[in-house]
Amino acid sequence: MRSGLNLAQFREVALVGGPVLVVVLTAFWIASHYIAPPAPRELAIAAASKGSPYYEAAERYRAILAESGVTLKVVETKGSLENLGLVIDSGSKVDVAFLQGGLANGKTAPELRSLGRVFDEPVWIFTRAGMKPERLTDLVGNRVLIGPAGSATAALATRLLTASGVTGDTATLVNKELPDYPEALRVGGADAGILVLAPEARTIKKLLSSPDVSLMSVAQADAYVQRFPFLKRLELKRGVVDFARDVPPADTLILATTTALVVRQDLHPALTSLLTQAAIRVHGLPVLNADGEAGLFQRAGAFPVADDQEFPLSPDAVRVYKTGPSFLNRYLPFWLATSLDRLTVLLLPLIGILLPAFRLAPTLYAWRVRSRIVYWYNELMTVEAQLGTSSGPGEIATMIMEIDRIEKAVNRMPVPLSYANQLYDLREHINVVRRRWCSTAPVTAPVTAPVTA
């Protein structure tokens, strides 16, 4: 008897809990399609030539990511234009790149997202000694070096010169490698040269120290910044390059473009966050030279900049800038934290569906119990309704057998303790209907008490 009752109870649990389980499993299955796959353990960054600011920054990123068990491959390139081609090519396996401002934007490269701007790249304009240009327009009719053909320097120089009316029709634009600038300007092979290099570059140091070359102060610097949002205005204070020789001899306004750290929009969110944290560590403090001196334009806290005029910022990077690493990343190893982050997506059905389902299950079970009691009451009332319409002992016997069937079914019916009163009421009512049917049967013999010995 006990095993039969347990089997019946198990069937009730299955009937009530089965649909709930199906709903929960379906919710988990749907959620699994939105969860990000595990973060890759390797990625590649397009830098520039060894020794360049891009490459040195990438090497520092590599060391930081290695602390979290992520291998960063630094890809040596010719500069920003090659970096751009690699990072937008899904087949190149390059996920991250440094990009000089002004080369692309969210419209021309919609697959890219920015992690912020990480450092300035000054736009130097040098002229032969004796020339006193104040505007780029003053270079009309001169020979102007604009960098190697197909380089980011050439692209930016051409863009600025064209906006100033200096084109191939109004001047002689010469493509030349940047290290050749000092000699070309010294021997008169060119009148001016535009180049984009870090102040620490040897070419810049040669040009700044050469008596045959002058650094141009751009009088319209603010106007260029207003026209081209990727530019900014920098001021080189008198004597800051060389106090003894008073270089530069006056406060000098120069333009600068800011370098963006960009990623493919399909890069794993955990790696995007990790790269942003690395950028904050690398660029948050100025890099000091062997004498403990900072660069000409570096200021602590100036970079990285959580703003980008050309590319949309990655939402994962924005979260890092606003709140720092996630709670799990602060206290757990990277891989454990990312795994738990993924599990939270799967646990959403538990909060949104499983808990309401558990609340619904008792109500559903109560409805099933009440519906069974009501069902057998309906059967009993059907039998009772036949009273007064029977015509013989055979039909009365049939009704008595039907009442017995109902009673047996009710006795086997599992009912929780809270519904026991309704069960006993049903049993009593079954007996009432049985007595009424029995009272209609003809009396064939007197009923006597049983005889005992």
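The values are calculated or read from the model by the stated rules, or taken from the named source; none is laboratory data. From a predicted model like this one, the values you see are computed outputs, not experimental measurements. When we count neighbours, we look across all protein chains shown, and the Cβ atoms used for this are built from the backbone with ideal geometry, even at glycine. Note: accessible area is taken over every heavy atom of the protein model, side chains too, but ligands, DNA and RNA are not part of it. Shrake-Rupley method; radii C 1.70, N 1.55, O 1.52, S 1.80 Å.
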Exercise. Within straight cross-link reach of Lys237, meaning Cα distance under 19 Å, which lysines are found once same-chain residues fewer than 8 apart are removed?
Worked result: Lys132, Lys205, Lys206
Exercise. What is the extension gain from Arg281 to Ser439, computed as 0.36 nm multiplied by their sequence separation minus the C-alpha to C-alpha distance, in nm to one decimal?
Worked result: 47.2 nm
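Full-extension gain between Met381 and Asp222, please, as 0.36 nm times their residue separation minus the C-alpha to C-alpha distance.
On the way: separation 159, 0.36 × 159 = 57.24 nm, distance 9.55 nm.
The span from Met381 to Asp222 would gain 47.7 nm if fully extended.
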Problem set entry | Alpha carbon centroid spacing (whole Å) that separates the stretch 375-415 from the stretch 77-124 | 85 Å
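Multiply the residue separation of Gln422 and Arg238 by 0.36 nm, subtract the distance between their alpha-carbon atoms, and state the gained length in nm to one decimal.
Values: separation 184, 0.36 × 184 = 66.24 nm, distance 9.90 nm.
Fully extending the segment from Gln422 to Arg238 adds 56.3 nm.
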For this session: Starting from the amide H of His268, placed 1.01 Å from N in the peptide plane, find each other amide H under 5 Å away whose residue is 5 or more places distant or on another chain.
Result: none
Problem set entry | Estimated vicinal HN-Hα couplings, Hz - the stretch 244-258 in sequence order (Karplus 6.51, -1.76, 1.60; Gly, Pro = x) | 5, 9, 6, 10, x, x, 7, 4, 10, 8, 10, 8, 8, 9, 9
For this session: Quick one: accessible surface of Leu86, probe radius 1.4 Å, all protein chains present, in square angstrom to the nearest 10.
Result: 40 Å²
Problem set entry | Using θ = phi - 60° and Karplus 6.51 cos²θ - 1.76 cosθ + 1.60, couplings along the stretch 359-366 (whole Hz; Gly, Pro as x) | 5, 6, 4, x, 5, 5, 5, 4
Seminar exercise, completed: For the pair Ser90 and Tyr365, the simple spin-label estimate (label points 7 Å beyond Cα toward Cβ) gives in nm 5.1 nm
Problem set entry | Placed amide H near Val241: partners under 5 Å, 5+ positions off or other chain | Val247
For this session: Using packing as a proxy for protection, rank 130-139, 48-57 so that the peptide with the highest average count of other Cβ atoms within 10 Å comes first.
Result: 48-57, 130-139
Exercise. With θ set to phi - 60° and the Karplus curve 6.51 cos²θ - 1.76 cosθ + 1.60, what are the ³J(HN,Hα) couplings of the stretch 151-165 in order, to the nearest whole Hz, using x for Gly and Pro?
Worked result: 8, 5, 4, 5, 5, 5, 4, 4, 5, 5, 5, 4, 5, 9, x
Exercise. Could the peptides 119-127, 379-387 be put in order, highest first, of the mean number of other beta-carbon atoms found within 10 Å of their residues?
Worked result: 119-127, 379-387
For this session: Could you tell me, in Å, what Rg and Dmax come out for the Cα atoms of the stretch 141-268?
Result: 15.8, 53
Exercise. Quick one: how many Å² of Phe327 are accessible to a 1.4 Å probe, rounded to 10?
Worked result: 140 Å²
Exercise. Once amide H atoms are built 1.01 Å from N in the peptide plane, which residues 5 or more positions from Phe119, or in another chain, come under 5 Å H to H?
Worked result: Thr259
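Taking 56 Å as R0, compute the FRET efficiency from the Cβ-Cβ separation of Arg159 and Leu332 and round it to 0.05. Before the final figure, lay out each step's value.
Details: r = 47 Å, r/R0 = 0.84.
Plugging the Cβ-Cβ distance into 1/(1 + (r/R0)^6) gives 0.75.
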